[in-house]
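All of the numbers you see were taken from the coordinates with simple rules; none came from a lab. If you're wondering where the values come from, they're calculated on a predicted model, not measured in any experiment. All Cβ positions, glycine included, derive from the backbone under ideal geometry; neighbour counts span all protein chains shown.
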Amino acid sequence: NDKRRMEKIVARLRSFGLKPHVSKYYVYMSHPKKISLTMTSPVRFQAPNKERCRKVETDCKDEVVGYNALSPSGNLRAPVVYVNYGTTSDYATLAKRGISVRNKIVLARYGAVFRGVKTNLAAEHGAKGVILYSDPKDDGKTNGPVYPNGPWRAPDGIQRGSVQQLWEYSGDPLTPGRPATKHARRIDPKDSNIAKLPTTPISYASARP
């Protein structure tokens, strides 16, 4: 899709008499092979990792699963602790109440800070993994009609996006400060700004149980 979009833009620019130049880059990307999230207690619940197809859609069968790009792989099993937005102040509130996330999986809602910050803060507090969801209070049915009848997120909607530690640097994680050309010098992924903890998004319908 991106390639077709680029070709259309180039063709349009050329029709204006311009001479656009297209460069090819070899960036470090993450693509999920398998994502599975299961609650095992007090009841068993398998969280869907795709939205359901709707009549208004024509290409939902090719839809990518819900995932957070540049999250490391992992196979985790641990209790879950809800951390609100997963901000510094949220962890301070938990600490005052004697609640630790060490060796736990944190459940955080999108908002307040960039998703990559949520993963980084969870790692700083000793968590093993992160689950993110869009809360209906922030982006959902409490605000008005949901997709496809309105602009707000439907209960099965999953917000995708990168958890790269962008405050360190942006762009390709293996070529900081340089274009990711074919023969560019690359750093080891473990020395890059890829997220430190496995992170995956779910819908607010899946977050409810």
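Find out how many positive minus negative residues lie around residue 27, taking Lys and Arg as positive, Asp and Glu as negative, among other residues whose Cβ is under 13 Å from that of residue 27.
Net charge around residue 27: +2.
Could you give the nm distance between label points at residue 8 and residue 114, where each point is 7 Å from its Cα heading toward the beta carbon?
2.9 nm
Is the C-alpha gyration tensor of the chain telling us rounded, prolate or oblate? Criteria: a/c under 1.5 is rounded; beyond that, a/b larger than b/c is prolate, otherwise oblate.
Oblate, since a/c reaches 1.5 and b/c is not below a/b.
Between segment 103-140 and segment 1-75, how many Å separate their Cα centres?
So the separation of the two Cα centres works out to 21 Å.
Take every Cα pair under 8 Å in the chain that's 6+ residues apart, average their separations, divide by the length, and report that relative contact order as a whole percent.
24 percent
As a test of the formula, what do you get for the chain when each DSSP H run with n ≥ 4 contributes -39,500 (n - 2.57) and the sum is divided by the residue count, at 222 nm and rounded to the nearest 500 deg cm²/dmol?
Result for the chain, helices only: -5500 deg cm²/dmol.
Using a cut-off of 15 Å between beta-carbons, work out the net charge of the residues near residue 89 (Lys and Arg +1, Asp and Glu -1, residue 89 not included).
+2
Please state the charge dipole magnitude for the chain, taken about the Cα centre, from unit charges on C-beta atoms (+1 on K and R, -1 on D and E), reported in debye and rounded to the nearest 20.
Its charge dipole is roughly 400 debye.
Two decimals, Cα atoms only, Kirkwood Rh: what is Rg/Rh over segment 24-136?
1.01
Diagonalise the Cα gyration tensor of segment 102-195 and give the resulting equivalent ellipsoid semi-axes, square root of 5 times each eigenvalue, largest first, whole Å.
Computed over segment 102-195, the values are 32, 19, 9 Å.
For segment 69-166, give the magnitude of the charge dipole about the Cα centre (Cβ charges: +1 Lys/Arg, -1 Asp/Glu; no others), in debye to the nearest 20.
Around 260 debye, computed over segment 69-166.
Which order do the peptides 94-105, 17-28, 118-129 take when ranked by the mean count of other beta-carbon atoms within 10 Å per residue, highest first?
The packing order, highest mean first, is 118-129, 94-105, 17-28.
Using a simple spin-label model with points 7 Å from Cα along the Cα→Cβ vector, what separation in nm is obtained for residue 39 and residue 75?
Taking the two extended label points, one gets 2.4 nm.
What angle do you read, to the nearest 10 degrees and between 0 and 90, between the alpha-carbon axis of helix 115-124 and the longest principal axis of the chain?
Roughly 50 degrees between the two axes.
Lys/Arg Cβ at +1, Asp/Glu Cβ at -1, dipole of the chain taken about the Cα centre: which of 159, 184, 142 is farthest positive-ward?
Of the options given, the answer is 184.
What is the sum of charges around residue 78, taking Lys and Arg as +1, Asp and Glu as -1, for the other residues whose C-beta is under 13 Å from the C-beta of residue 78?
Local charge sum for residue 78: +4.
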